[in-house]
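A.B. asks: Here's a structure for you.
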Amino acid sequence: MHNQSLVPVEARAPITSAEINGLRSAAWPAVGPQDWDVVLSRSLGWVTARADQELVGFVNVAWDGGSHAFLLDIVVDPRVQRQGIGRRLVERAAVMAREAGADWLHVDFEPGLHAFYDACGFEPSDAGLLSLRQD
């Protein structure tokens, strides 16, 4: 794989569900596929990273149509993690949200990812989560 500085990061570039599902399954084997055309049709946008035309990074930017944007499904191929690609995805997503008029960019994450999100400039905040699954 390429050096991260050579991996282009692009907003709203053409992408397929198969590409996103493939990347997600490489990073998170337990996560199943989904129809990303439906998801992205409702998003503010998304940011991709490609090396030799292969998708190696992705983030979906959801929003409320006003001042709040949300980072969802941030994923970088395990073969190129810890090279700055994830941070560049977040930086480009923040620019996209700001340009759309958002005042706040939210993200939820697992405790082991604090260092990454701190490095991206996120500040800790209290939040709540309600599971809607009926498992």
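A.B. asks: Order of V80, V59, V31 from fewest to most other C-beta atoms within 10 Å? Present the calculation step by step, with values, prior to reporting the outcome.
C.D. replies: On the way: V80 20, V59 23, V31 12.
Taking fewest neighbouring Cβ atoms as first place, the list is V31, V80, V59.
A.B. asks: In whole angstrom, how long is each semi-axis of the equivalent ellipsoid of segment 90-135, when you take the square root of 5 times every eigenvalue of its Cα gyration tensor and sort them from largest down?
C.D. replies: Numbers: eigenvalues 106, 52, 19 Å².
Its equivalent ellipsoid spans semi-axes of 23, 16, 10 Å.
A.B. asks: Which percent, nearest 5, of DSSP beta bridges in the chain are antiparallel? Numbers along the way, then the final one.
C.D. replies: Numbers: 16 of 20 bridges.
Taking every DSSP beta bridge with both residues in the chain, the antiparallel ones total about 80 percent.
A.B. asks: Now, a different point. Using a 10 Å cut-off around each Cβ, can you sort I85, I15 from fewest to most neighbouring Cβ atoms? Don't skip to the answer; put the middle values down first.
C.D. replies: Values: I85 22, I15 18.
Result, fewest neighbours first: I15, I85.
A.B. asks: Rounded to whole Hz and in sequence order, give me ³J(HN,Hα) for segment 51-63 from the Karplus expression 6.51 cos²θ - 1.76 cosθ + 1.60, θ = phi - 60°, writing x for Gly and Pro.
C.D. replies: 10, 6, 6, 8, 5, 10, x, 7, 8, 9, 10, 8, 7
A.B. asks: Counting pairs of alpha carbon atoms under 8 Å apart in space and at least six apart in sequence, what relative contact order in percent does the chain give?
C.D. replies: On the way: 193 pairs, mean separation 30.6, N = 135.
Over the chain, the number comes to 23 percent.
A.B. asks: Over the Cα atoms of segment 1-63, compute the convex hull volume and normalise it per residue, giving Å³. Kindly include the intermediate steps, with their values, before the conclusion.
C.D. replies: Values: hull volume 5.5 nm³, N = 63.
Convex hull of Cα atoms, per residue: 87 Å³.
A.B. asks: What number, rounded to the nearest 500 deg cm²/dmol, is the helix-based mean residue ellipticity at 222 nm of the chain, given -39500 (n - 2.57) per DSSP H run of at least four residues and division by all its residues?
C.D. replies: Numbers: 4 runs with 38 residues, N = 135.
-8000 deg cm²/dmol, from helical runs alone.
A.B. asks: Now for a different question. Taking N as the number of residues in the chain, what is its Cα Rg relative to 2.2 N^0.38 Å?
C.D. replies: Numbers: Rg = 14.6 Å, N = 135, 2.2 N^0.38 = 14.2 Å.
Taking the Cα Rg and dividing by 2.2 N^0.38 Å, one obtains 1.03.
None of the figures in this text is laboratory data; all of them are computed from the coordinates on show. What you see is a predicted model; the values in this text were computed from it and never measured. Using ideal geometry, Cβ is built from the backbone for each residue, glycine included, and neighbour counts are taken over all protein chains shown.
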